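Structure first, commentary second.
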Amino acid sequence: MKHLYIIILLLTAPFLSIGQESMTLEKALSIGLENNYGIKIADMSIQIAENNNSWARAGKYPTIDLSGSFSNNLVNENNPASFLQGVYYSGGLGANVDANWVVYNGGRIRLNKDQLERSVDQQRLNKATDINQLFRTIYQQYYEVVFQQEQLEVLNQLLALSQDRLAYEETKRAFGSSNAYNLIQFETSVLADTNSIITQKQNVDVAKRTLYNTLDIAGYEDYIFEERLSITQEPIDAEKLKSLMSEENYTIKSLEMIAAINRLNTGIAKAATKPVVSINGGVGFTENGFKFFADDPNSGDPFPFVFGNRITGNINAVVSYNLFDGGVRKTDIQNAELQEQIDQLSIVEAKAELNNQLDILIGNYQNQLALLDIADRQVQLANSNLEITEERFKSGVLTSLDYRNVQNQYLNAAFGKVGAIYSLLVTKSEIDFLVGIFGE
């Protein structure tokens, strides 16, 4: 029997907390926000969009190009029609500066800039959406750990009762008032409870590892989760939540962002029907060299190396207007306007669906509050029944099997209560996620 107690002690002893760090929900959210790779990528995407958000990329400013050339030609001319006969060299070194500036293009420059600004807003919205989803995941996984620990605590209480009953039976047997049958029944109960605790500890460990993986914590650190499952019964104002959801829900925000971008696309399609006015110009300089490899027939001296230069400049205004394209621009405008209507219908449809989801969640929350009240009452009754059964068992009215049945009733009631609290926490987190509170 001593060996049985040693095994139970080793398997059920709580983890040492010396030197361990406590994990809270706030800390988990902070670590997750700092370590999550998706959030880091979102920050970089925002930076890229901000870098692109410039008037230069929108096409407002002129473009200036500098080009240079260096040419060398050696010719042996044997064409009788040419006034030059023989070998000669010609070459040149030149540079040109060319500029082009779109003065007017139907307002597309302003629309392009608006698109770039919307791109920044969209990336920021993507980050906020990711944070909203990440916080919901961390919140639920954190309370999954607490929930599993609560179940472990219930099993530890049950084991303590079984151990007390076993010790009581051993004392009775020492005085000859018990028998081997009752003793075996309680030893079996102790072993069964111990087995359940071992399994539940594994459940706790899995829940912790799942959370740590989401938090991107390197390795495995066994934080202490000191929080207990509890719920504050807050009144639910459905109309207030729906109003808040219409402003903060990230699905609606994303659809409204898409609608805004598509409105700009409509403007760009209409701008294509207007003329484009541009100015272009340039300045060039070229230094040329020429050498004829022959003697001057008049003087008999070799022809000298001759240099010359050339400076050019030009400025032009160009107006272009597409008179006919087969109706493509007209079709593009019609399609863009139809897309705007589709966007608005999508928003209305999404709001209706989200309101329905919120109504369901609120109904579930109210029902779960009622179930929690019932579960709490069941625990009270099971605890009272356990106390009464213990007294009746000691007096010999009930058997060890009767006592075990009452123990199981208490276990089920206690599990039901912690399960009801956990379900309420999860449902509340789903409401907050749907409304968009987590991303704030």
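The values are calculated or read from the model by the stated rules, or taken from the named source; none is laboratory data. Being a predicted model, the structure only gives us computed values, none of them experimental. Note: ideal-geometry Cβ built from the backbone for every residue, glycine included; neighbour counts use all protein chains shown.
Miscellaneous remarks
- Within the range 392-440, if we keep just the residues that are among the basic types (Lys, Arg) and in contact (Cβ under 8 Å) with a residue 40 or more places away in the chain, the residue that is surrounded by the fewest Cβ atoms within 10 Å (Cβ to Cβ) turns out to be 394.
- Residues (surrounded by fewer than 12 Cβ atoms within 10 Å (Cβ to Cβ), out of contact with any strand residue (DSSP E or B) (no Cβ under 7 Å at 6 or more places or on another chain) and not polar (S, T, N, Q)) located in the range 222-244: 228, 234, 235, 237, 239, 240
- Subset of the range 1-57 [modelled with pLDDT of 85 or more, hydrophobic (A, V, I, L, M, F, W, C), surrounded by 12 or more Cβ atoms within 10 Å (Cβ to Cβ) and part of a helix (DSSP H, G or I)]: 25, 28, 29, 31, 33, 39, 41, 42, 46, 48, 49, 55
- Test: residue in the range 213-227 that is within 19 Å of residue 158 (Cβ to Cβ), under 29 Å from the mean Cα position of the chain (by Cα) and either assigned by TED's automatic domain parsing to the domain that holds residue 135 or assigned to a loop (DSSP other than H, G, I, E, B) (or both): no
- Restricting the first member to the range 286-307 and to residues that are in contact (Cβ under 8 Å) with a residue 40 or more places away in the chain and of a type in the set (A, V, I, L, M, F, W, C), and the second to residues that are surrounded by 10 or more Cβ atoms within 10 Å (Cβ to Cβ) and assigned to a loop (DSSP other than H, G, I, E, B), the beta-carbon pairs closer than 8 Å and six or more apart or on different chains are 290/305; 292/84; 292/303; 293/303; 294/303.
- Breaking point among (1) buried (at least 16 other Cβ atoms within 10 Å of the Cβ); (2) modelled with pLDDT of 95 or more, for residue 283: (1)
- Some residue of the range 255-272 being closer than 30 Å to residue 370 by Cα and in contact (Cβ under 8 Å) with a residue 12 or more places away in the chain: no
- Some residue of the range 366-379 being touching a Leu at 6+ places or on another chain (Cβ under 8 Å), assigned by TED's automatic domain parsing to the domain that holds residue 156 and at pLDDT below 90: no
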